[in-house]
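Report on the following structure.
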Amino acid sequence: LGRPARRGEFASHVCVRVRGERTLRRHELPPGPRCFVVGRQPGVADVVVGDDEAASRQHCAIVPRGERLYLIDLKSTRGTFVDGKRIRPNEPTQLGGGASITLSDAPPYALVLVGLPAPAAP
């Protein structure tokens, strides 16, 4: 997927929108230092979730730091959850392989990042 990662950059990954065992859509996250906004606002969000009425226009961001990815809630109205646990706004949460991201406490689907290593121990 895309170009190879440079030293200090995360490799290319895929964000998969799932409902149960069914894949609904794939979003490629190319390698590089930029962050990816998840939300309902086309033209601003990199991962557009316009069919999720609980999602904010700019709900959360997937942020690379070195070879790891972090999730930051952008002060969304309904909250952002990683593996069922609500994360605090503006505080980076490290993502590991298979982490399930939801954009409210009653989401129509989950986002799963494919190809991530397990999170580093605290």
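Just so it is clear, none of the values below were taken in a lab; they were calculated from the coordinates. Just so it is clear, the model here is predicted, and its values are computed rather than measured. Don't worry about glycine lacking a Cβ; one is built from the backbone with ideal geometry, like all the others, and counts go over all protein chains shown.
Between Val44 and Arg22, 0.36 nm times their residue separation minus their Cα-Cα distance comes to what?
Result for the pair: 5.2 nm of gain on full extension.
Can you tell me which of 23-30, 58-65, 45-52, 69-76 comes out highest on packing, and rank the rest after it, using the mean Cβ neighbours within 10 Å?
58-65, 69-76, 45-52, 23-30
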